[in-house]
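Chemist: Structure below; questions to follow.
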Amino acid sequence: MSTELKKPNTTDKLALYQTLLDQIKALIDPNCGWVANYANTCAAIQQYFNHWWCGFYIVNKKNQLELGPFIGPVACTLINYNKGVCGKAWADSLTTIVPNVHEFEGHIACSSESNSEIVVPIIKNKQVLGVIDLDSKNFSEFDILDKEYLEKIAELLSEIPVNL
Ligand code: SME
């Protein structure tokens, strides 16, 4: 089976997300656990959008966010509840869009080159399993369309049990 992912030849973000969502649906392998499926999901997002950092933090047994599969520069490994953008999105159970991370109080700077960020909680039965975190070198990179489609991707991932 070919696992090659074909990105449409367009710069239209909606069109890209529509195809990406279909491709992630097809990519998720019910015979595999969360690591393979989360890893491929962030690879697929990166093939489409090539952000500065794209990955996951997962709620571990000590009730911290622990670094999961990602693509990009090395990142902090543990984030406490309600700390940083990730911890806040977790605490609020809400997608958090930060147009300028330097103005976000308590932002955790894993990379000095990141300027904007979106964090999307992955929620199952009202419980946050983890978060999707995207960082960009551009200011104001993320908008309501990213929120809408990343939440759809989070919903797909919420069906896969995580364990850390
Ligand atoms: N900036 C995040 C930390 C994770 S890194 O961006 C990969 C935060 O404030 O939670």
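Chemist: Take the conditions open to solvent by 80 Å² or more (accessible area, probe 1.4 Å), in a helix (DSSP H, G or I) and touching a residue at least 40 places away in the same chain (Cβ under 8 Å) and apply them to residue 7. Does it pass?
Modeler: Considered against the rule, which asks whether it is open to solvent by 80 Å² or more (accessible area, probe 1.4 Å), in a helix (DSSP H, G or I) and touching a residue at least 40 places away in the same chain (Cβ under 8 Å), residue 7 comes out as no.
Chemist: Could you tell me which numbered condition residue 162 fails, if it satisfies all but one of (1) open to solvent by less than 70 Å² (accessible area, probe 1.4 Å); (2) under 16 Å from the mean Cα position of the chain (by Cα); (3) within 11 Å of the ligand (Cβ to nearest atom); (4) of a type outside the set (Lys, Arg)?
Modeler: The one condition residue 162 does not meet is (3).
Chemist: Still on this model: Out of the residues in the stretch 39-71 that are of a type in the set (A, V, I, L, M), within 12 Å of the ligand (Cβ to nearest atom) and over 11 Å from the mean Cα position of the chain (by Cα), state the one that is least open to solvent (accessible area, probe 1.4 Å).
Modeler: Within the stretch 39-71, the match that is least open to solvent (accessible area, probe 1.4 Å) is 65.
Chemist: Also, quick follow-up: Counting residues that are in contact with a Leu (Cβ under 6 Å, 6 or more places away or on another chain), which strands (runs of 3 or more DSSP E) fully inside the stretch 60-126 reach at least 2? First the steps, then the outcome.
Modeler: Numbers: elements: 65-71, 96-98, 116-124.
Hits in the stretch 60-126: 116-124.
Chemist: Can you name the number of the only condition in (1) of a type in the set (Val, Ile, Thr); (2) within 10 Å of the ligand (Cβ to nearest atom); (3) buried (at least 18 other Cβ atoms within 10 Å of the Cβ) that residue 74 fails?
Modeler: (3)
Chemist: Write out, first by first residue and then by second, each pair whose Cβ atoms fall under 8 Å of each other, whose residues are 6+ apart or on separate chains, and whose first residue, in the stretch 14-41, is touching a residue at least 40 places away in the same chain (Cβ under 8 Å) while the second is part of a loop (DSSP other than H, G, I, E, B) and surrounded by fewer than 14 Cβ atoms within 10 Å (Cβ to Cβ).
Modeler: Pairs found: 33/161; 33/163; 34/161; 34/163; 37/29.
Chemist: While we're on this one: Can residue 122 be described as under 21 Å from residue 35 (Cβ atoms) and either hydrophobic (A, V, I, L, M, F, W, C) or over 16 Å from the mean Cα position of the chain (by Cα) (or both)?
Modeler: yes
Chemist: Anything in the stretch 127-148 that is open to solvent by less than 20 Å² (accessible area, probe 1.4 Å) and part of a helix (DSSP H, G or I)? List them, or say none.
Modeler: Within the stretch 127-148, 146 is the sole residue that qualifies.
Chemist: Any residue in the stretch 85-110 that's more than 16 Å from residue 139 (Cα to Cα) and crowded, with 19+ Cβ neighbours inside 10 Å: show its pairings with residues that are at pLDDT 95 or above and acidic (Asp, Glu) at Cβ separation under 7 Å, as long as the two are six or more apart or on different chains.
Modeler: Within 7 Å, the pairs are 86/133; 95/151.
Chemist: Let me ask another. Identify, please: which residue in the stretch 77-133 is polar (S, T, N, Q) and in contact with a helix residue (DSSP H, G or I) (Cβ under 8 Å, 6 or more places away or on another chain) and is, among those, farthest from the ligand (Cβ to nearest atom)?
Modeler: Applying the filter and picking the extreme gives 95.
Chemist: Identify all residues within the stretch 86-110 that are farther than 24 Å from residue 37 by Cα and touching a Ser or Thr at 6+ places or on another chain (Cβ under 7 Å); write none if there are none.
Modeler: 88, 98, 99, 100, 101, listed by residue number.
Chemist: Looking only at the stretch 13-30, count every residue that is open to solvent by 80 Å² or more (accessible area, probe 1.4 Å) and either under 20 Å from residue 134 (Cα atoms) or at pLDDT 95 or above (or both) and tell me the total.
Modeler: 4
The values are calculated or read from the model by the stated rules, or taken from the named source; none is laboratory data. All values reported here derive from a predicted model rather than from experimental measurement. Don't worry about glycine lacking a Cβ; one is built from the backbone with ideal geometry, like all the others, and counts go over all protein chains shown. Heads up: the accessible areas ignore ligands, DNA and RNA and are worked out on the full protein's heavy atoms, side chains in. Shrake-Rupley method; radii C 1.70, N 1.55, O 1.52, S 1.80 Å.
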